[in-house]
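Enquirer: Following this message is one structure expressed as structure tokens.
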Amino acid sequence: MGRKYDAIFLTHWNHFISLEEDLNMLSRYVEFDERNFKTFSVELVRLYLASCSEIDTLLKKVCNWIEPQKKHGNIVAYKKTMEESQPLFFDSEVREIRHKLIFHPWKQWIPQNSPNWWKGYNDVKHERTSHYRKANLENVLNSISALFVTTLYYYTIAYRKKEQNNNIS
């Protein structure tokens, strides 16, 4: 017998699915192929900003659950907490089967240095005119892959937390 969960509990999963559907629609116009990885567009900007913003939200929640006494204000702070408590997170692999692509979105995350796709996100977020081209297919595919991994970790930890005290936010 399955468990019934509140719709609110699934909010982040539904958001991921929405972005994934938009990405699938995009694949009708831009082939997901390494030769197109530098393709950029306003739709890619939208997907990039939305996926990375959601990553930030989820990582902050996960890190605050793991170490509530610590301040987690940015990706550098998230790195330390994730490294100590979820070391396999960094080795995660995402396979996009239809186009035979493999991503390791968190592999580049080394101390004091966030992944290239995250740096590009911050550039696009803060200075879109100068860095518009960083909202490209490669960075979006990496960010959506990273969001997938992060969402899975979020729900794994949220489920444990819910089981422990039957209350999450």
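Enquirer: What residue, among those in the stretch 82-117 that are aliphatic (A, V, I, L, M) and over 23 Å from residue 159 (Cβ atoms), is least open to solvent (accessible area, probe 1.4 Å)?
Expert: Residue satisfying both the conditions and the ranking: 101.
Enquirer: Just to check your reading of the model, which residue among 70, 79, 61 is touching a residue at least 40 places away in the same chain (Cβ under 8 Å), open to solvent by less than 70 Å² (accessible area, probe 1.4 Å), among the charged types (D, E, K, R) and out of contact with any strand residue (DSSP E or B) (no Cβ under 8 Å at 6 or more places or on another chain)?
Expert: None of the others qualify; the one that does is 61.
Enquirer: Then there's this: Out of all the residues in the stretch 141-164, which are of a type in the set (Phe, Trp, Tyr) and open to solvent by 60 Å² or more (accessible area, probe 1.4 Å)? Spell out how you get there, then give the answer.
Expert: Taking the stretch 141-164 as the starting set, the residues that turn out to be of a type in the set (Phe, Trp, Tyr) are 148, 153-155, 159.
If the condition is that a residue be of a type in the set (Phe, Trp, Tyr) and open to solvent by 60 Å² or more (accessible area, probe 1.4 Å), then 148, 159 are the ones that fit.
Enquirer: Take the residues in the stretch 1-24 that are farther than 21 Å from residue 51 by Cβ and open to solvent by less than 90 Å² (accessible area, probe 1.4 Å), then tell me which one is modelled with the lowest pLDDT.
Expert: 2
Enquirer: Oh, and also: Can you give me the number of residues within the stretch 83-125 that are farther than 24 Å from residue 27 by Cβ and acidic (Asp, Glu)?
Expert: Result for the stretch 83-125: 4.
Enquirer: Could you run through the stretch 119-140 and say how many residues are outside any helix (DSSP H, G or I) and surrounded by 15 or more Cβ atoms within 10 Å (Cβ to Cβ)?
Expert: Qualifying residue count for the region: 2.
Enquirer: If we keep just the residues of the stretch 66-90 that are basic (Lys, Arg) and outside any loop (DSSP other than H, G, I, E, B), which is nearest to residue 151 (Cα to Cα)?
Expert: Per the criteria, the residue is 79.
The values are calculated or read from the model by the stated rules, or taken from the named source; none is laboratory data. Keep in mind that this is a model prediction, so the values were computed, not measured. Don't worry about glycine lacking a Cβ; one is built from the backbone with ideal geometry, like all the others, and counts go over all protein chains shown. Protein only, heavy atoms only, side chains kept; ligands, DNA and RNA dropped before computing areas. Shrake-Rupley method; radii C 1.70, N 1.55, O 1.52, S 1.80 Å.
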